[in-house]
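Asker: Following this message is one structure expressed as structure tokens.
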Amino acid sequence: MYLPFSGNKEKVMNGALSPDYAVGRTYLTLTRGLTMKMMQGLVITLFSVLLQGYALATSIVYDGFTCLNAVDSNDPTPSITPIQSKFEVIENVGEGIYRLSLTGGIPRFVNNNQNVCIDSATAIGYAGIPAVDGLPRPLTSIDATAYFNGQELIIVISSMYTDLSARGTPFLPFTTSSVFAFTNMLIMEFNPNLSSFNLKKALRNRGFTQTSESRNLIAPFQETILPSFNETARDTPRILTPVSNIDFLLQ
């Protein structure tokens, strides 16, 4: 007796599928599981292959659009200018730790909002040494650090942004630029079926510092230092969950 099964005829013996068919189905299930484990192992290998201490050009990328409001972390409205967020492995430190190079920026989103843009301003930020650079200059890339255990990828990026508003006008109090220190932690999950990393959470914090001149002779300068100033002074870091899918593809 034969039964139609997905277009194929499988032989039945005494009301049960034949041993050959049962073995075939078991083999298929084991093969699928093995394929997923092999894909996971491949990703670990790609992150681990080294050339004289440095990883080969292995990266993950996310294509999107720049943020319409470059510096407002609460505004994820995208512009019409395309840009790519790219993390490239540059060194394997060992024990699952990697050094990365970030170009393009990182996805910006807020809770309960489907909009996503790529923050290419504050996420990469500025750097400068007066004797070398004069004024601080915007960077085109910045270092990041990652931990990958084969399933979960955690990336930490620290950057500094300045509004270059320092002034020394005669007869007016001197003030330095407003300087913001940003820390972004991205938590991703590896999807072996799509060879991608899905962004699950983002932990974001913004610190602030500024120095201004005072008329007080005892304390001629006033220094403001706030480790956390995301919306209000001395608030807490933000924990964000994207509403839209944000998938970084292996490249």
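The values are calculated or read from the model by the stated rules, or taken from the named source; none is laboratory data. Predicted model only: the values in this text are computed from it and were never measured. Cβ placement follows ideal geometry from the backbone for every residue including glycine, while neighbour counts extend to all protein chains displayed. Quick note on the areas: whole protein, heavy atoms, side chains included, nothing else; ligands and nucleic acids left out. Shrake-Rupley method; radii C 1.70, N 1.55, O 1.52, S 1.80 Å.
Asker: Considering region 144-164 alone, what residues qualify as being under 19 Å from residue 121 (Cβ atoms), in a strand (DSSP E or B) and more than 12 Å from the chain's Cα centre (by Cα)?
Answerer: Hits for region 144-164 are 159, 160, 161, 162.
Asker: Of the conditions (1) of a type outside the set (Ser, Thr, Tyr); (2) within 26 Å of residue 246 (Cβ to Cβ); (3) outside any loop (DSSP other than H, G, I, E, B), residue 110 fails just one. Which one is it?
Answerer: Of everything listed in (1) of a type outside the set (Ser, Thr, Tyr); (2) within 26 Å of residue 246 (Cβ to Cβ); (3) outside any loop (DSSP other than H, G, I, E, B), residue 110 misses just condition (3).
Asker: Mind listing whichever residues of region 99-111 are open to solvent by 10 Å² or more (accessible area, probe 1.4 Å) and either in contact (Cβ under 8 Å) with a residue 60 or more places away in the chain or closer than 19 Å to residue 202 by Cβ (or both)?
Answerer: Filtering region 99-111 for residues open to solvent by 10 Å² or more (accessible area, probe 1.4 Å) gives 99, 101, 103-104, 110-111.
Those that are open to solvent by 10 Å² or more (accessible area, probe 1.4 Å) and either in contact (Cβ under 8 Å) with a residue 60 or more places away in the chain or closer than 19 Å to residue 202 by Cβ (or both): 103, 104, 110, 111.
Asker: Given the conditions (1) farther than 20 Å from residue 58 by Cβ; (2) crowded, with 17+ Cβ neighbours inside 10 Å; (3) of a type in the set (Phe, Trp, Tyr), report the number of the one that residue 221 does not fulfil.
Answerer: Failed condition: (2).
Asker: Can you pull out the residues in region 118-141 that are buried (at least 20 other Cβ atoms within 10 Å of the Cβ) and not in a loop (DSSP other than H, G, I, E, B)?
Answerer: 118, 119, 126
Asker: A further question on this structure: Can you pull out the residues in region 165-189 that are outside any strand (DSSP E or B) and loosely packed, with under 13 Cβ neighbours inside 10 Å?
Answerer: The initial filter retains those residues of region 165-189 that are outside any strand (DSSP E or B), namely 165-166, 168-174, 176-178.
Within region 165-189, 165, 168, 169, 170, 171, 172 meet the criteria.
Asker: Another question about this same structure. Show the residue pairs meeting these rules: Cβ distance below 7 Å; 6+ apart or different chains; first residue within region 203-226 and over 30 Å from residue 154 (Cβ atoms); second residue of a type in the set (A, V, I, L, M) and buried (at least 16 other Cβ atoms within 10 Å of the Cβ).
Answerer: Correct list of pairs: 210/179.
Asker: Under 8 Å between Cβ atoms, which residue pairs at least 6 apart in sequence (or on different chains) link something in region 127-146 that is in contact (Cβ under 8 Å) with a residue 12 or more places away in the chain and on the phi < 0 side of the Ramachandran plot with a partner that is open to solvent by 100 Å² or more (accessible area, probe 1.4 Å) and basic (Lys, Arg)?
Answerer: Close Cβ pairs satisfying both conditions: 127/137; 143/99; 144/99; 145/99; 146/99.
Asker: Let me ask something else about it. Given (1) on the phi < 0 side of the Ramachandran plot; (2) at pLDDT below 95, where does residue 187 come up short, assuming only one miss?
Answerer: With respect to (1) on the phi < 0 side of the Ramachandran plot; (2) at pLDDT below 95, residue 187 is out only on (2).
A quick yes/no check of all residues on (1) touching a helix residue (DSSP H, G or I) at 6+ places or on another chain (Cβ under 9 Å); (2) over 27 Å from residue 135 (Cα atoms):
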residue	(1), (2)
151	yes, yes
155	no, yes
160	no, no
185	no, yes
196	no, yes
200	no, yes
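Asker: Take region 190-205 and flag every residue that is polar (S, T, N, Q) and either part of a strand (DSSP E or B) or under 29 Å from residue 227 (Cα atoms) (or both). If you could, list the steps in order and put the result at the bottom.
Answerer: Kept after step one, since they are polar (S, T, N, Q), are these residues of region 190-205: 191, 193, 195-196, 198, 205.
Passing the criteria: 191, 196, 198, 205.
Asker: Those residues that are touching a Leu at 6+ places or on another chain (Cβ under 7 Å), within 20 Å of residue 197 (Cα to Cα) and in a strand (DSSP E or B), I need them from region 55-85; list them, please.
Answerer: 60, 61
Asker: Show the residue pairs meeting these rules: Cβ distance below 6 Å; 6+ apart or different chains; first residue within region 164-180 and within 16 Å of residue 229 (Cβ to Cβ) and in contact (Cβ under 8 Å) with a residue 12 or more places away in the chain; second residue open to solvent by 50 Å² or more (accessible area, probe 1.4 Å) and aliphatic (A, V, I, L, M).
Answerer: Every condition considered, the pairs that remain are 176/166; 177/164; 177/166.
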